[in-house]
Structure formats: structure tokens, C-alpha cells
Amino acid sequence: MDKLLIEGGLPLKGEASVSGAKNAALPLLCAALLTREPLTLTNVPRLNDVGTMLGLLGQMGVKVSRDEGDEDDTVTLDASGLDNPVAPYERVKTMRAAILVLGPLVARAGEAKVSLPGGCAIGARPVDQHIKGLAAMGAEISVEHGYVIAKSPRQRDGSIRLSGARLFTDMVTVTGTENLMMAACLAEGETLIENAAREPEVVDLANCLLAMGAKIEGAGSDVIRIQGVARLSGATHRIMADRIETGTYLCAAAATGGQVRLSGTQAGTLDAVIEKLRESGCKVGVEAHAIHLTAPKRLTPVDIRTAPYPGFPTDMQAQFMAVNALADGVAVIRETIFENRFMHATELIRLGADIKIDGNTAVVKGVSKLDGATVMATDLRASASLVIAGLTAQGETLIDRIYHLDRGYEGLEQKLTALGAPRPTGAVESHIWLFDCPP
């Protein structure tokens, strides 16, 4: 079982580059299912979730090629031989984003059998909006033995194809918006998605689909209009920088009293995060493709309420809890997206944080220091919060079940080491901190 050993106490200083966004890469990989021509993606992050998705696409008949020596992290996908529109449980049990193959498969292959997804244990994330939308487009859908089974209807001209429709999601759902947008690209007629997610990753997907020949208007707003086309072509598209990775490293620098510059990222995708960092007393400078931060001697506590984009992202809530744990005062954090996303709080308390939980609200009273201890990661962003806390703590922090990090952070150990994070005395592997321990 992978564990992470951190010896804290030094401020992060220096420069690091930000990888491609996991939450953009996964739907973009699925977009390859919509065309018989090759789709080339650059800036593809090397993450476990990306590897899982590539394996899933490969077993469907998609040819996947990746140049291991390519500094631009290029992946080319050729779905001309798509012959197995099935996403089995064994392939998707660790990754909720696998549901993103449903819309493209039904749209192009006319059928799909997709296991209900897994992923982080942070609360209910139902796929009913995906099913509801595809049904409104004419798909015949059933849920049997843990699988969503869908088939496209036969049109008057004899073709098997979805029909455009007006879709209204009961809740703002990023993957639901992406799934329905991809399906609508090959549907007959016009599709209107109302109450659509506005996240930058949705816009990134739309830009790729446009390059493939789709007709999409309104991506980035709460109403997206798609005119279906008969076919899509291949394209080359560069994946956006990971705004959550960016925010995580900024929080790590803030908590440790550091000074960092992050290159290859866009500040415009995380305005809410930057605003809160400035409220905490950090000086944040913005360049065209970089962000630099200088932390104060002692942080000011900042209240947070998570919300769909452009509000404060739920994926940054845990990291800011670690920041507030060391602030000079009391902060209130309200989680409105997921009902079970405070599991990291009890682990932060083991490190000496003063946190009280009441339902979806956490009250964080800053302390002057944290102390190293053994803690356990419960999900991807919880892992990041424990790393941030460990970097600030006195002594060694051992984080168990750290495999979550490999799902969403490319080269985290190397990047933090480049920023000056100290080597722990107990590290015995070539990775500075990561080592294998028996279960």
C-alpha cells in the first residue's frame, strides 16, 4: 500500500509547471468515440484516471498511441474500429468519469452498456440527469444488474440516431452537461441544454468538439445550443491547464509561508480561489500564462461557501481547510455540493487542527502550528489537504492510502521537491517521499 512520508517546516519557494487538467482530459478522451477519424490531444496528464480511461477505450476497439518521449504529452485516439460499446464494472469501479462514454457511444454506435460508476467516497453523485437527458433524446434506457443499457431510436429515414430535444437538468452537473453535449453533436436536429454547467472544462470540451465540426453555441453559459451534424471529423486539441492543481500548489505555498510561481496555467479559470487567497493576506500576481504568490507571515482566516462555477469550487474546499487551520482567527466553511466531503477534517484534527463539524458546516479555529502524525487519506482532494498540512507540520507526517493522489496530481512529489519541500529522513526510495509499505 502506498504511503507518503513528509517532513514539514520549510516554506515552498521556486517555480513549477502545471499539468493538463484531469477533469478536462477525461471527457476529451471520450470525445474520440464520436468520430471515425483520429483525434489528437496534447498536454494530456499522466494520471491513473487517464490510464484507466485509455484502457477502457482500448477494450472498446479504440486504437490508442502515446509517444512516451514526447514532452508535449500527446495522445492520439482512433475509434474507427469501435466494436465493443461496453464499459464493464472492472474497468470503471474506481472512476466515476467512466459514465462519460455513455453519450458518445449511444450517439455514434447506437447502443451502450455502461456500469454504474465508482470513484471517491464523497457522497451521492447520481447519473439520473444523464439518463433523463438521453431518454428525452429518444434513447431506450434501462438499468439492469448495475449497468445502464441504452439504445438509439430508428429515425424515419431508417437511420439509428438520437433526436434533438430541449433538456433541463434538475441540478447543475458537469459530467451530465458534457455527456449530453457530446450526444447532441450527432443527434438529428437541435438540442437545447438548460441549467448547463459553466465550468471551464465544459468550455474546453466544446472547443474541441467545434474543431471536430460540431455546431455548439453558449458553452460557458447556463444555456447551450447544439445543432446536430451527420458526422464529426478528427482534430488536434490542447487540453487546458488544471485549475485545481494550480489552486492546490498556491494553497501549499500560502500555508507554508512560501513564495512560488506556477507556469503553464490561466488565472481566469480560478478567480474565486485567487480572491480567497488575497483575502487571506497573500499577494497574488497574474501573468498571461502564470501566477505567482507570496504568503504573509500569518494568514487571515477566510470564510468559504462552495458553489458551481463561477463560485468557489468544491474541489478546493479541503485545501482551504488546511490553510485556515493555520490562520489567525476563525473561519466558516460551508459545503453545498456534496454531503460527505468533510472526512479530511478528522485527519487534520489528528495533526493538531481545531475544527468543529456541524452538518455541512465546518468551523475552523486557526492554531499557531501543526504537529506531524500518521493520518489516512479518504479521497483525492482530502489527500491534497493532508499533504498541505504535512508540509507545515513540525516533524514527520505519514499519510496512508495515498494512491488517491495518483488519480489527480501528476508528479506531485517531484514538483513539491522542486519547490523546496524537504526530504524526510525516512525516505528510502528514488521518489523523495513515496514508498511501498506492506498492507
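What follows draws every value from the coordinates through simple rules; no lab data is involved. Bear in mind that the values here come from a model prediction, so they are computed numbers and not experimental data. When we count neighbours, we look across all protein chains shown, and the Cβ atoms used for this are built from the backbone with ideal geometry, even at glycine.
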How do ARG243, ARG225 rank when sorted from fewest to most other Cβ atoms within 10 Å of their own Cβ? ARG225, ARG243
Quick one: order GLU201, GLU144, GLU15 by neighbouring beta-carbon count within 10 Å, fewest to most. GLU144, GLU15, GLU201
Residue-averaged 222 nm ellipticity for the chain, from DSSP H runs of 4+ at -39500 (n - 2.57), nearest 500: -8500 deg cm²/dmol
Tilt relative to the chain, helix 243-256 - C-alpha long axis, 0 to 90 degrees, to 10: 0 degrees
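Pick out, in residue order, every one of the GluC sites (Glu not before Pro) in the stretch 236-297 that is DSSP loop and has at most 15 other C-beta atoms within 10 Å; say none if there are none.
Working: sites: GLU245, GLU275, GLU279, GLU287; in loops: GLU287.
For GluC sites (Glu not before Pro) across the stretch 236-297 that sit outside H, G, I, E and B with at most 15 neighbouring Cβ atoms in 10 Å, the list reads GLU287.
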What list do you get for ARG198, ARG156 if you sort them by fewest beta carbons within 10 Å? ARG156, ARG198
Could you work out how far helix 380-392 tilts from the main Cα principal axis of the chain, as a 0 to 90 degree angle to the nearest 10? 20 degrees
